[in-house]
Amino acid sequence: MQLSIFAAVMKRFYFTPGPSQLYFTVEEHIKSALRENIPAISHRSNSFQDIFGSATQLLKQLFSLPSGYHIFFTGSATEIWERSIQNLVEFESCHFVNGAFSRRYAGIAENLNKKTTMINADEGKVVDIESVLIPESCELIAMTQNETSTGASHAVEDVKKIREGFPDQLLSLDVVSCAPYANIDYSMVDMAYLSVQKCFGLPAGLGVWIVNDRCINKSEELLSKGLSIGSYHSLPELMLKAQKNQTPETPNVLGIYLLGKVAEDMLTKGLDMIRRETDYKAAVLYNAFEQSKLLEPFVKEKINRSKTTLVAETSVASSEILDKTVQKGMVIGNGYGPFKGKHIRIANFPTHSKEQIESLADELLKIGDQ
């Protein structure tokens, strides 16, 4: 009996919105890393410098970053919230809030005693860019392109409108649960960030911080005024070490190695293919939501429905649906925060194949018919 239970657990496939199923090449990359003894190498060695340099260059290529943009590694995207406020805001920041995670970023700014303007959207919606009023005095505007808690996603055009309307402010973009799917022109933003346990299908414990020279200059300006911008993970310290393909601290060497390998795999497959597959899989799932007797898309405006983190309202306790899908080896996510028990959340990341998504959609329809 114990053996069969263990075997069943091993067969589970994760559609949870982070951590999620590992990217399908990761197992082989981990084996290669162990053969090469990657977890044991010094972060001051030439071997690590090669890993750092390769990973950052591949990510720059994957995101089509222009010159003057840099990639740094942190412990998580949550850490980047705090580091960005410390380094880029002297007095005031402005945050578009369309869910729990964008709200938490604003809360960190408040905790750091910055004047914090929150422009709130109703849950399941995004801020109306056409009617938004942003204080001219704010130094940083924070947008969440894809809100993981609700599945509400800003159209890429919204980012462009904010950039054009507020060229002097630093613009921050959360792409935690949509990169590299989201077709972002990163020259429109000054910083962007993500964590690797979502679309990149890697073990948690690594944040990726994209910043441009404007951000570096702002942090140095604050430092020159005698203000605290943090210590070992301040932007000047990160930049100083990155110029040598190093990090200020002992980093997650294995995580950086695996991220570089997956970025290379994605480049080989091609972003156009990844995006087409993601669009198809999202259409399959949203069609299942609309046909199901138990489910309804939470985000009503189709243009704002996330393609990578799909959220549905449930007419029964969501645990009933979660329990039935897990019996088929499919683990999906519960609602987040106040929506726990009322929503399901499904990751549609590059590692989730068309066949797996189709099988999940079929199962959701069967549950609705029971």
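Below 10 angstrom from the Cβ of HIS29, what's the summed charge of the other residues (Lys, Arg +1; Asp, Glu -1)? Intermediate results must be reported in sequence, preceding the final value.
On the way: positive: LYS31, LYS261; negative: GLU27, GLU28, GLU264, ASP265.
The answer is -2.
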Helical mean residue ellipticity (222 nm; -39500 (n - 2.57) per DSSP H run of 4+; nearest 500) of the chain: -13000 deg cm²/dmol
Looking only at lysines whose Cα falls under 22 Å of LYS161's and that sit 8 or more positions away or on another chain, we get LYS125, LYS302, LYS307
From the phi of every residue in the range 101-117, what ³J(HN,Hα) in whole Hz does the Karplus formula 6.51 cos²θ - 1.76 cosθ + 1.60 yield, where θ is phi - 60° and glycine or proline is x? 6, 5, 5, 5, 4, 4, x, 5, 4, 5, 4, 8, 6, 9, 5, 10, 9
Residues in the range 258-285, backbone N under 17 Å from the label point at GLU358 (7 Å along the Cα-to-beta-carbon vector): list them, ranges by number please. 276-285
Determine the shape class of the range 214-370: with a ≥ b ≥ c the square roots of the Cα gyration tensor eigenvalues, call it rounded for a/c under 1.5, and otherwise prolate if a/b is greater than b/c, oblate otherwise. prolate
Amide H contacts of HIS95 (H built 1.01 Å from N, under 5 Å, at least 5 apart or other chain): THR117, MET118, ILE119, ALA142
Can you list the HN-Hα couplings for the range 293-299, worked out from phi with the Karplus curve (6.51, -1.76, 1.60; θ = phi - 60°), rounded to whole Hz and with x for Gly and Pro? 7, 10, 10, 8, x, 6, 7
With just the Cα atoms defining each centre, how far is the range 189-268 from the range 59-106? Give it in Å. 10 Å
Ratio Rg/Rh [Cα only; Rh per Kirkwood] for the range 144-235: 1.01
Could you run the Karplus curve 6.51 cos²θ - 1.76 cosθ + 1.60 with θ = phi - 60° over the range 353-368 and give me ³J(HN,Hα) per residue in whole Hz, x for Gly and Pro? 6, 4, 5, 5, 5, 4, 5, 5, 4, 4, 5, 4, 5, 5, 4, x
Please pull out the direction-averaged projected area of the range 26-268, using the convex hull of its alpha-carbon atoms, in nm² to one decimal place. 12.6 nm²
Can you divide the C-alpha Rg of the range 112-188 by 2.2 N^0.38 Å and report the result to two decimal places? 1.09
Once normalised by the length of the chain, the mean sequence separation of its alpha carbon contacts under 8 Å that are 6 or more apart gives a contact order in percent of 24 percent
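Rule-based calculations on the coordinates, nothing more; no lab input. Since the structure is predicted, the reported quantities are computational estimates derived from the model, not experimental observations. When we count neighbours, we look across all protein chains shown, and the Cβ atoms used for this are built from the backbone with ideal geometry, even at glycine.
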